[in-house]
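Enquirer: Handing you this structure, nothing more for now.
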Amino acid sequence: MSATKLKVMLVEDDDFTRSTVKSALEGQGLNIVYDTAFVKDGVEFAKKNRPDVAVLDYNLGKGPNGIDLANQLRRMQPSIGIVLLTAFLNPAELDTKIAQLPAGSRYLVKHSVSNIKVLVKEIAESAKHKA
Amino acid sequence: MRSIFPPVKSKPSFNLDFSIVYVGIIFLELSIAGTELFKLYPDKKFEVVIVRAIHTILLFAFVYLAHITLRIRERNKTGYVGLSLIGLSLAIPSLLSRVLLMENFGLISDSQTNKYFFEQILISIVHAFFWIPVAIILGGQRNKIIEAFREYEARLIVSERINIRKSDNFFELKQEVDQTVRGELILQANNLLHNLTYGDDKKLSLKERNEIIQRYLKENTLREFSQRLNQKSEAGESNSKFEEGMRSLNLIRKQFNILYNFTARKAPVPAWVYTLLSFFLILPNYINFYTALEVIICLPGFLVIHLVALQINRILRRGGKYAILQTNLLTLLIGYLPFIEISIFSVFLPNLTESFPTVISAFFYPIGFFVYMRFIQIIQPAAINAIQGDEIYASPALNLAILKIVNDEFRQSESHQWATYTHGKILTRLAATSLKLEQASAKNDVENFELGLENLKYILENPTREFEQNNVCLKAEISSRLDPWEGLIGITFKIDPALEDITNERVKDLGEAVEEIISNSVRHGGSQNISINITAASHPDIKVRVEDDATNPLPLVTSRIGLGTKILNLVSDGRWSISRNGAKTTVDLTMSLLESR
């Protein structure tokens, strides 16, 4: 499926980053169906609307991180594609004890997001994951 | 805790534990071998060593046999009479096998055998009715004694952690670490800002300006800085069970003098213990080396021992600066009594038939007796009760060890917080701004490009701006840690109303700890439901209990090493534990929340 046909959800706690990424993705023709800073809202939206891909920040401030949310979304919707954004080079280095990312998830160092096409490509790749 | 040796009238029953009997056999055999090698059979060293080695193995076998027989007959406990019978059942075969071995290896001749047997039977009776029962009784109390020392160790460490955390030195360390990390972040951010400010040339095209800025952003050293912080927060040593045990032993060793001084003053060993132990320690040597007349001459020596022991007690109870020194000297004096006796005898009784081996009477015995009495002092129930009820200050070695641990925990916890902040608030925004500049450049959108650049400068001008947090009340702090989990897990939160509004700098620390427990429970335990209950404890402590339905329970030990462990240790001064009950895992944490520095 082409990336532009995917329903993409974005969870990022930093308002500036979220709005920038959202607008860049929309500029690439992607359909950002929902964006939020809060895990709870993201889970509720996914329950009702079953997006194709969730783009999640690793560091969501206090409480659960992007991997916790990714695991929950997969439990609710096994076919959902996951793209995890991290400011770090490798999430495993960031915290060796974190639960593993769900199978087929993609992760992207935020710095490479400056080339938005890389993110678009990862979103398309993540959507290929089959439950 | 009852006395280790309760009165016969109370008809006590003791656990049958032979572990210390094995240790006693080794000491006994070494002691006898020493006498035989240096005094009795200096020309037959090889035979002595062989006889002692075989006899040791035989004794081990006898003890093991007794142990197995009792276990098969399901006898786990017995009284003084039972212990004496066990003692006899070990001491008599021991004597018989010893005599046979000595005869076979030519240490005694056939004609000496009967005489030797009857001479040694008295020593065997001492073993049967005193040393073997004592070793079994101490073995049975082993767990209680070890448990008491573990409790003491834990309490001591908690107390020292609190002292260190509230000390001026620790306060200065906190400031130093904070200023160091903050200073480096500001320096790194200012360098980048400087490069961006002076590298950006408005005369160039937007595309060229973007290329320059992107290059600076890609090459910035803030990422390495945050990685370094993260590595610091992850660095840690893992402790195996063995290492934990050795640490305890090491602590007790380092703490021994303080422990001894404290217990000796609080609950000195009774004088009769000195006298009785001296009697049973010296008796075998009297039997071996002295005639009956000489033994009778020596008996008043025990009166001297008792009088000296009474004086030791008196000095300890009276206290004073030199009490411990004086009693140490007097204890050594008791240990030197056999040597003194021999020296006096050699002057006044030139016909003395035999004497103790000098190497034993002048060195091993007094030193051994001194160490033995110190050990007895700290394991007696009255002393253990005393250390359970009172604070004992830490030795300098222990203070140093705990100081290092607390400092490391703080540095790692602080590094973790700064690393998380730098990732989440600085690097994330730099990346987003980079994207914004890229997009604006592609569209030749000068206005958005300048906006992005302004945003970049705003972040870099004061990079620590958002790290500063105002203290909030306890209820709000904990809620702020729990609310984000809504949607992922079910959370029940209860708090004592009297604690809700507490606001101080430790509240945030508790928030960190609660977050650590919850995230561990979800990530490693797979919990779906968590309840947290905060209640008041004795001032200035509060108790936090977190219960979950983890499907993959956490290890039930409190020695797990990791950043989470360190955060919990730091917050609670080491007062936390994990327990598992059915399908429920419970974390209990106590912390001083209401204290002032």
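We did not get these values from a lab; they are worked out from the coordinates using the rules stated. Because the structure is predicted, anything quoted here is derived from the model rather than measured. Cβ: placed from backbone, ideal geometry, glycine included. Neighbour counts: every protein chain shown.
Enquirer: Given the -39500 (n - 2.57) contribution per DSSP H run of 4+ residues, what per-residue ellipticity at 222 nm results for chain B, rounded to the nearest 500 deg cm²/dmol?
Expert: Working: 22 runs with 395 residues, N = 597.
For chain B, the value works out to -22500 deg cm²/dmol.
Enquirer: For chain A, what's the relative contact order in percent, using C-alpha pairs closer than 8 Å and at least 6 residues apart? Could the numbers behind the result be given before it?
Expert: Working: 227 pairs, mean separation 32.7, N = 131.
Once divided by the residue count of chain A, the mean separation gives 25 percent.
Enquirer: Looking only at other chains, what is the average number of their beta-carbon atoms within 10 angstrom of each beta-carbon in A:113-126? The partial results should precede the final answer.
Expert: On the way: counts 6, 14, 4, 4, 0, 0, 1, 0, 0, 0, 0, 0, 0, 0.
Mean shielding count: 2.
Enquirer: Distance check, please: which entries in B:LYS436/B:LYS508; B:LYS44/B:LYS115; A:LYS40/B:LYS436; A:LYS40/B:LYS508 exceed 32 angstrom between their Cα atoms? Write down the numbers at each step before the final one.
Expert: Working: B:LYS436/B:LYS508 35 Å; B:LYS44/B:LYS115 20 Å; A:LYS40/B:LYS436 28 Å; A:LYS40/B:LYS508 23 Å.
Beyond 32 Å between Cα atoms: B:LYS436/B:LYS508.
Enquirer: Moving on to the next point. Show me the ranking of peptides B:175-183, B:150-158 by mean Cβ neighbours inside 10 Å, starting with the highest. Please report the intermediate quantities before stating the final value.
Expert: Values: B:175-183: 13.7, B:150-158: 16.8.
Top of the packing list down: B:150-158, B:175-183.
Enquirer: How large is the Kirkwood hydrodynamic radius of segment B:155-210, counting all unique pairs of alpha carbons, in Å?
Expert: Working: mean 1/r = 0.0667 Å⁻¹.
This gives a value of 15.0 Å.
Enquirer: Other chains' Cβ within 10 Å of B:220-228 residues: what's the mean?
Expert: Details: counts 1, 0, 1, 5, 1, 0, 3, 5, 0.
Partner-chain Cβ atoms within 10 Å, mean over residues of B:220-228: 2.
Enquirer: Can you give the relative contact order of chain B as a percent, counting alpha carbon pairs under 8 Å and 6+ residues apart? Show your work: numbers first, answer last.
Expert: Working: 671 pairs, mean separation 88.5, N = 597.
Here the relative contact order equals 15 percent.
Enquirer: Using DSSP, restrict attention to beta bridges with both residues in the protein assembly as shown and report what percent are antiparallel, rounded to the nearest 5.
Expert: On the way: 23 of 48 bridges.
Antiparallel bridges make up about 50 percent of those DSSP assigns within the protein assembly as shown.
Enquirer: In degrees from 0 to 90, rounded to the nearest 10, what is the angle of the helix B:45-72 Cα long axis to the longest principal axis of chain B?
Expert: With both axes taken from Cα atoms, the answer is about 70 degrees.
Enquirer: Averaged across the residues of A:64-77, what count of C-beta atoms belonging to other chains lies within 10 Å of each residue's C-beta? Walk me through the numbers on the way to the answer.
Expert: Values: counts 11, 5, 0, 1, 7, 3, 0, 4, 4, 1, 0, 1, 0, 0.
Averaged over the peptide's residues, the number is 3.
Enquirer: Sticking with this one: Which of the aspartates and glutamates could a cross-linker span from B:LYS202 if the Cα-Cα distance has to be under 12 Å and same-chain partners fewer than 8 positions apart are dropped?
Expert: Answer for B:LYS202, where 12 Å is the Cα cut-off: B:GLU450, listed by chain and number.
Enquirer: Let me spell out the model: positive unit charges on the Cβ of Lys and Arg, negative unit charges on the Cβ of Asp and Glu, origin at the Cα centre of segment B:11-50. What dipole size does that give, in debye rounded to 20? Please list the in-between numbers first.
Expert: Values: 4 positive and 5 negative charges, 24 e Å.
With Lys and Arg at +1 and Asp and Glu at -1, about 120 debye.
Enquirer: Also, quick follow-up: Going toward the positive end of the dipole of the protein assembly as shown, with +1 on Lys and Arg Cβ and -1 on Asp and Glu Cβ, which of B:ASN15, A:PRO102, A:LEU60 do you reach last?
Expert: B:ASN15
Enquirer: Let me ask something else. Out of the DSSP beta bridges found with both residues in chain B, what percent are antiparallel (nearest 5)? Show your work: numbers first, answer last.
Expert: Working: 23 of 30 bridges.
Restricted to chain B, the bridges split so that about 75 percent are antiparallel.
Enquirer: Now for a separate question. Just need the relative contact order of segment B:268-379 here, percent rounded to a whole number, with Cα pairs under 8 Å and 6+ apart. It would help to have the intermediate numbers written out before the result.
Expert: Details: 84 pairs, mean separation 36.5, N = 112.
In percent, rounded to a whole number, it is 33.
Enquirer: Something else: Net charge around A:ILE123, counting only other residues with Cβ within less than 13 Å of its Cβ (Lys, Arg = +1; Asp, Glu = -1)?
Expert: Working: positive: A:LYS5, A:LYS7, A:LYS22, A:ARG106, A:LYS117, A:LYS121, A:LYS128; negative: A:GLU26, A:ASP52, A:GLU122, A:GLU125.
Around A:ILE123, the charge tally is +3.
Enquirer: Largest first and in whole Å, give the semi-axes of segment B:268-379's equivalent ellipsoid, each being the square root of 5 times a Cα gyration tensor eigenvalue. It would help to have the intermediate numbers written out before the result.
Expert: Values: eigenvalues 142, 34, 32 Å².
Whole-Å semi-axes of the equivalent ellipsoid: 27, 13, 13.
Enquirer: Here's something else I'd like to know. In debye to the nearest 20, how big a dipole does chain B give about its Cα centre with +1 on each Lys and Arg Cβ and -1 on each Asp and Glu Cβ?
Expert: The calculation lands at about 1560 debye.
Enquirer: Then there is this: Taking the mean number of other Cβ atoms within 10 Å as a proxy for protection, how do you rank B:563-574, B:42-53 from highest to lowest? Working shown, then result.
Expert: Numbers: B:563-574: 22.4, B:42-53: 15.1.
With the highest mean Cβ count within 10 Å placed first, the list reads B:563-574, B:42-53.
Enquirer: Here is a further query. What are the ³J(HN,Hα) couplings of segment B:177-192, residue after residue, when phi is run through the Karplus curve with 6.51, -1.76, 1.60 and θ = phi - 60°? Round to Hz, x for glycine and proline.
Expert: 4, 4, 5, 5, 5, 4, x, 6, 4, 5, 4, 4, 5, 5, 4, 5
Enquirer: Here's something else I'd like to know. How would you rank B:541-550, B:55-64, B:198-207, highest first, on the average number of other Cβ atoms within 10 Å across their residues? Write down the numbers at each step before the final one.
Expert: Values: B:541-550: 20.5, B:55-64: 17.1, B:198-207: 10.9.
Peptide ranking by packing, descending: B:541-550, B:55-64, B:198-207.
Enquirer: Tell me, what does the Kirkwood hydrodynamic radius of the protein assembly as shown come to in angstroms if you use every pair of distinct C-alpha atoms? Let's see the in-between values first.
Expert: Values: mean 1/r = 0.0315 Å⁻¹.
Computed over Cα pairs of the protein assembly as shown, the Kirkwood hydrodynamic radius comes out at 31.7 Å.
Enquirer: If you place +1 on the Cβ of every Lys and Arg and -1 on the Cβ of every Asp and Glu, how big does the dipole about the Cα centre of the protein assembly as shown come out, in debye to the nearest 20? Display every interim value, and only then the final one.
Expert: Values: 82 positive and 77 negative charges, 294 e Å.
In total the dipole reaches around 1400 debye.
Enquirer: At a Cα cut-off below 16 Å, give the aspartates and glutamates reachable from B:LYS218, other chains included and same-chain residues fewer than 8 away excluded.
Expert: Cross-link targets: B:ASP200, B:GLU208, B:GLU438.
Enquirer: On to the next question. What number comes out for the charge environment of B:ILE25, summing +1 per Lys or Arg and -1 per Asp or Glu over other residues with Cβ under 15 Å away? Before the final figure, lay out the partial values.
Expert: Working: positive: B:ARG52, B:ARG98; negative: B:ASP17, B:GLU29.
For residues surrounding B:ILE25, the net value is 0.
Enquirer: Lysines within cross-link reach of B:LYS232: Cα-Cα under 20 Å, excluding same-chain residues under 8 positions apart?
Expert: By straight Cα distance, B:LYS232 reaches A:LYS97, B:LYS174, B:LYS404, B:LYS425, B:LYS566.
Enquirer: Report, in degrees rounded to the nearest 10, the 0 to 90 angle that the Cα long axis of helix B:563-572 makes with the longest principal axis of chain B.
Expert: On a 0 to 90 degree scale, this one is about 70.
Enquirer: Just to check I understand the Karplus step: with θ = phi - 60° and J = 6.51 cos²θ - 1.76 cosθ + 1.60, what whole-Hz values come out for segment B:319-326, glycine and proline as x?
Expert: x, x, 4, 9, 4, 5, 4, 4
Enquirer: What number comes out for the charge environment of B:ALA362, summing +1 per Lys or Arg and -1 per Asp or Glu over other residues with Cβ under 15 Å away? Spell out each step's value before the answer.
Expert: Working: positive: B:LYS39; negative: B:GLU341.
My count for the surroundings of B:ALA362 gives 0.
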